[in-house]
Amino acid sequence: MSATEERREEARRHETLLKLLTEAERQIMEGRADPELLEAVRRLRPDEAAYFIYELEDDLKRGHLGSRPLRALLKVEEAAMPSLAEYVRQVAGVEVPLRARRGWADKVIEVLRGLPVVGGFEEARQKGLDEFLYVLREGYAAGVVSWERFKEALRHVPLRELLGRHNESPWYLDFVEAAASVPGSYLHVHVVRDDEHESIDIDGILLPVQKGADNKIWHLLKGAISPPDEFMFDEVKGRQYVWLWWD
């Protein structure tokens, strides 16, 4: 298939996806989810399913859903979850929970707690640190984390958390796939747990300059809504990296 044919195929699939999204919203608001709709959702590719669920929830959350529409929404989401969980298992080698009990963010923060805490990126570079936190307090952690450490934390993160994006960044799933595919990668993450919600954000990545990394960079840029706010070369422990970060 030529590049032109591939673009046409992607455009056709995207148009079909938007039609499916419209139909799903209509059925959910009527409090139903027909078998044909659920089967169409099960056939979505992982990247399409992630987009579908994100957009579906984003559109529907603007209005209050009653009990029947909410049950219909859950059925539609559950149709896509198994393939997404399998996708994460294949690309990252991690079994992520489809859902998680309250307190999962505390478990993630506990995994990160052993990292040194510094005042910022400049101090971390002066001390020769590759992994570090610049915020660590009750219910909140932020910093640069190696893929190996993040992979351990990922076992506690509910799948739903990976189906979003930070502002105009790539999908969290794109960050995870890139870091898992290029050995020696690091992720810039935020983890929050307060009285009202728990969340994890991935808004940046350090990719080693090596064969195959260029494809992952292109995939990240393609999946983002806007270009990164920072895109530059960096050096970590004598090795050259590409840094991409979205504000």
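The values are calculated or read from the model by the stated rules, or taken from the named source; none is laboratory data. Fair warning: this is a prediction, and the values are worked out from it, not measured in the lab. Here the Cβ is made from the backbone with ideal geometry for all residues, glycine too, and neighbour counts use every protein chain on show. In case anyone asks, the SASA skips ligands and DNA or RNA and just uses the protein heavy atoms, side chains included. Shrake-Rupley method; radii C 1.70, N 1.55, O 1.52, S 1.80 Å.
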Completion exercise
With the 1.4 Å probe rolled over protein heavy atoms, the chain has an accessible area per residue in Å² of 53
Handout entry: For residue 229, distant residues with modelled amide H under 5 Å away
Key = 245, 246, 247
Practice task
Determine the relative contact order of the chain: mean sequence separation of Cα pairs under 8 Å and six or more apart, normalised by residue count, in whole percent.
Solution key: 15
Handout entry: Links that overshoot a 26 Å alpha carbon limit, given the list 61/216; 19/151; 61/107; 216/237; 19/75
Key = 61/216; 19/151; 61/107
Problem - Shape call, the stretch 1-151: gyration tensor on alpha carbons, a/c limit 1.5 - result: prolate
Practice task
Please work out the Cα convex hull volume for the stretch 1-65 and give it in Å³ per residue.
Solution key: 85
Fill in the blank from the handout: From the Cα centre of the stretch 162-231 to that of the stretch 115-147, the distance in Å is 17
Fill in the blank from the handout: Here, the stretch 93-247 modelled as identical Cα point scatterers in vacuum has Debye log10 I(q)/I(0) at q = 0.10, 0.12, 0.14, 0.20 Å⁻¹ of -0.33, -0.48, -0.66, -1.37
Exercise for the section: Determine the order of 209, 96 by accessible area, beginning with the largest, at a probe radius of 1.4 Å. Expected result: 209, 96
Problem - Local electrostatic count at residue 65 - Lys and Arg +1, Asp and Glu -1, tallied over other residues with Cβ under 15 Å - result: +1
Handout entry: Residue-by-residue Karplus 3J(HN,Hα) for the stretch 15-31, coefficients 6.51, -1.76, 1.60, Hz, glycine and proline x
Key = 4, 5, 5, 5, 5, 5, 4, 4, 5, 4, 4, 4, 5, 4, 5, 8, x
Fill in the blank from the handout: HN-Hα couplings for the stretch 172-181 via Karplus (6.51, -1.76, 1.60; θ = phi - 60°), in whole Hz with x for Gly/Pro, come out as 4, 4, 5, 4, 4, 5, 5, 5, 6, 8
Fill in the blank from the handout: For the stretch 1-118, the accessible surface attributable to carbon and sulfur atoms (probe 1.4 angstrom, ligands and nucleic acids excluded) amounts in percent to 51
Completion exercise
Looks like the stretch 85-131, by Cα gyration tensor root eigenvalues a ≥ b ≥ c and the a/c under 1.5 rounded cutoff (else prolate when a/b is bigger than b/c, oblate otherwise), is oblate
Handout entry: In Å², nearest 10: area of residue 113 left accessible to a 1.4 Å probe
Key = 110
Completion exercise
Simple SL model, points at 7 angstrom along Cα→Cβ for residue 19 and residue 110; separation in nm is 4.9
